[in-house]
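For reference, the structure is listed below as structure tokens.
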Amino acid sequence: GQQLNQSPQSMFIQEGEDVSMNCTSSSIFNTWLWYKQDPGEGPVLLIALYKAGELTSNGRLTAQFGITRKDSFLNISASIPSDVGIYFCAGANSGTYKYIFGTGTRLKVLA
Amino acid sequence: DSGVTQTPKHLITATGQRVTLRCSPRSGDLSVYWYQQSLDQGLQFLIHYYNGEERAKGNILERFSAQQFPDLHSELNLSSLELGDSALYFCASSVVNGYRNEQFFGPGTRLTVL
């Protein structure tokens, strides 16, 4: 099935560093969602975006809805060890009840 | 807590057996989705039900089937199990209300086929 491309696939960072990741699609969406999955747990919704250019924060996390509607970005500031996990993006369009997920970015934080 | 519940949390069975995974969506959500996640892999969409009716199928094997009941809970049936079916199985429900379009996941069922 269709999947969105996430970059990078994985990253090791030092505690305290800022993290950036992105998600790209060949088709447009009017909703972008960002999730975090801890090992063995279900993905947890972090941020939902509904408008091109929109910038939304949730604590140290900030996500942006790309103006082309084909991409989205997630930034984590001042990373801490509990930020470890897999971050998934998902795109959707109103009324379709269909969600396309990204391949995931695996984040590892070195204390 | 997302409000989506799944049982059991863990399931260990043998090849050739049949198991049933259960999911209850968030209160008020009519849609239920099932996903499979193998070790260190992404989320593979299996099937979507809306208010009791099948809406979409993904990469679901013929040995797998699902249904959504009038009370909106859903069951995923996996039969003739193979070693490769060992995975995390997630259920999700979605809220689509005006401009809102969000999906919430349950804690998952870890299936181990020996």
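A short reminder: the numbers here are calculations on the coordinates, not readings from a lab. Small disclaimer: the values here were computed from a predicted structure and weren't measured. Using ideal geometry, Cβ is built from the backbone for each residue, glycine included, and neighbour counts are taken over all protein chains shown.
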Exactly one of (1) touching a Cys at 6+ places or on another chain (Cβ under 9 Å); (2) over 28 Å from B:Arg110 (Cα atoms); (3) not basic (Lys, Arg) is unmet by A:Asp18. Its number? (1)
When you look at B:Ser80, is it surrounded by fewer than 16 Cβ atoms within 10 Å (Cβ to Cβ), more than 15 Å from the chain's Cα centre (by Cα) and of a type in the set (Gly, Ala, Ser), yes or no? yes
List the pairs whose first member sits in segment B:20-42 and is within 11 Å of B:Gly106 (Cα to Cα), whose second member is of a type in the set (Asp, Glu), and whose Cβ atoms are under 6 Å apart, counting only residues at least 6 apart or on separate chains? B:Arg22/B:Glu75
For the subset of segment A:98-108 comprising residues that are surrounded by fewer than 20 Cβ atoms within 10 Å (Cβ to Cβ) and part of a strand (DSSP E or B), which member is farthest from the other protein chains (Cβ to nearest Cβ)? A:Lys108
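Please give the strands (runs of 3 or more DSSP E) falling wholly within segment B:23-114 in which 1 or more residues are within 14 Å of chain A (Cβ to nearest Cβ) and more than 22 Å from A:Gln3 (Cβ to Cβ).
B:44-50, B:53-57, B:64-68, B:87-97, B:100-105, B:109-113
I'd like the residue in segment B:7-22 that is aliphatic (A, V, I, L, M) and either under 14 Å from the mean Cα position of the chain (by Cα) or part of a strand (DSSP E or B) (or both) and, out of all such residues, is surrounded by the most Cβ atoms within 10 Å (Cβ to Cβ).
Restricting to residues being aliphatic (A, V, I, L, M) and either under 14 Å from the mean Cα position of the chain (by Cα) or part of a strand (DSSP E or B) (or both), the top hit is B:Leu21.
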Subset of segment A:66-97 (residues that are within 13 Å of chain B (Cβ to nearest Cβ), of a type outside the set (Val, Ile, Thr) and surrounded by fewer than 16 Cβ atoms within 10 Å (Cβ to Cβ)): A:Ser94, A:Gly95
When you scan segment A:52-65, how many residues do you find that are more than 14 Å from chain B (Cβ to nearest Cβ) and in a loop (DSSP other than H, G, I, E, B)? 3
Just to be sure I understand, how many residues within segment A:50-99 are under 29 Å from B:Leu39 (Cα atoms), in contact with a Phe, Trp or Tyr (Cβ under 8 Å, 6 or more places away or on another chain) and of a type in the set (A, V, I, L, M)? 5
Going by the structure shown, is B:Gly52 touching a Pro at 6+ places or on another chain (Cβ under 8 Å), free of Cβ contacts under 8 Å to residues at least 40 places away in the same chain and either over 21 Å from A:Gln37 (Cα atoms) or not β-branched (Val, Ile, Thr) (or both)? yes
For segment A:11-22, indicate whether the set of residues that are within 14 Å of another protein chain (Cβ to nearest Cβ) and within 14 Å of the chain's Cα centre (by Cα) is non-empty. no
